[in-house]
């Protein structure tokens, strides 16, 4: 558990861990150069509970803190915790039970619930509902390129599998999203359980709100890194569907990487327009005899359904060949 200036929430977080129905656990907390009373609180809990270990981060940042914590860990099952959140009382028991049933090669997750002392915006509730819908149907990898499909404090994995996936050795942010892609690359199956396994606190000082490493641009760059690494094939052209801000960023990235692509839009006003020396065309102008890979950056629900139906009709003889990027 990395800790940075979490004093207002830290006691409640630690207490929720101590109150777990499964009592056989160890917590390795790493103070990441906090300037508030976080270190004092951690020290007090560590002195009174031998299951809690407390270290000061030698480097700076979440990944070095996670790396240090993992180095000192001994458990066969590994999960991560955020220092401003809460664990439901049966979190560890529920996750471990299913992981024991499924065995290595699996990542177990569950539903999440946001809460806030000041009220939640629609964006957070929509994200919560979306994540929980993935849990219900175990469809995490199908939407991997939309958003981070596996909340950082809401999974449990075998130690050996985490090591095989690179654990926290890789200095690539956003680190939780990058780990999802590495689980995908290794072929680990994500299994969702119906129980709520994490209570996610939103507040104005939350790291994901304020640290530039979690800016939208970094998320897009990470997606494109993994897209090219895992799916690029010069014989299977990429198709960008959508010419908004995100579509233009993807097009520029491909041009910089000298990756050829088709660019389409179903907005008739944009068809025929030249952007970056690339002419936007209608989806009907594509040659579907080719094996194409679609990157869809059109966000509205009505457009999503329309595009899915269009691609299913055009690709009857092929498997799924598209990724949602929004």
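Values for this structure:
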quantity: Residues being modelled with pLDDT under 90 and either surrounded by 12 or more Cβ atoms within 10 Å (Cβ to Cβ) or under 16 Å from residue 259 (Cβ atoms) (or both) - total across region 269-290; calculated: 2
quantity: Failed condition for residue 222, given (1) surrounded by fewer than 19 Cβ atoms within 10 Å (Cβ to Cβ); (2) under 22 Å from residue 134 (Cβ atoms); calculated: (1)
quantity: Sole residue being touching a residue at least 24 places away in the same chain (Cβ under 8 Å) and surrounded by fewer than 17 Cβ atoms within 10 Å (Cβ to Cβ), chosen from 60, 125, 97; calculated: 60
quantity: Number of the condition not met by residue 136 [criteria: (1) within 13 Å of the chain's Cα centre (by Cα); (2) at pLDDT 95 or above; (3) surrounded by fewer than 21 Cβ atoms within 10 Å (Cβ to Cβ)]; calculated: (1)
quantity: Residue that is over 30 Å from residue 141 (Cα atoms) and either outside the structural domain of residue 148 (by TED's automatic domain parsing) or touching a residue at least 12 places away in the same chain (Cβ under 8 Å) (or both), where the choices are 42, 22; calculated: 42
quantity: Subset of region 311-325 [at pLDDT 85 or above and assigned to a loop (DSSP other than H, G, I, E, B)]; calculated: 321, 325
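The rows are residues; the columns are (1) under 23 Å from residue 34 (Cα atoms); (2) assigned by TED's automatic domain parsing to the domain that holds residue 195; (3) in a helix (DSSP H, G or I); (4) in contact with a helix residue (DSSP H, G or I) (Cβ under 8 Å, 6 or more places away or on another chain).
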| site | (1), (2), (3), (4) |
| --- | --- |
| 67 | yes, yes, yes, no |
| 96 | no, yes, yes, no |
| 100 | no, yes, yes, no |
| 131 | no, yes, yes, no |
| 135 | no, yes, yes, no |
| 145 | no, yes, no, yes |
| 150 | no, yes, no, yes |
| 161 | no, yes, yes, yes |
| 169 | yes, yes, no, yes |
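The values are calculated or read from the model by the stated rules, or taken from the named source; none is laboratory data. Predicted model only: the values in this text are computed from it and were never measured. When we count neighbours, we look across all protein chains shown, and the Cβ atoms used for this are built from the backbone with ideal geometry, even at glycine.
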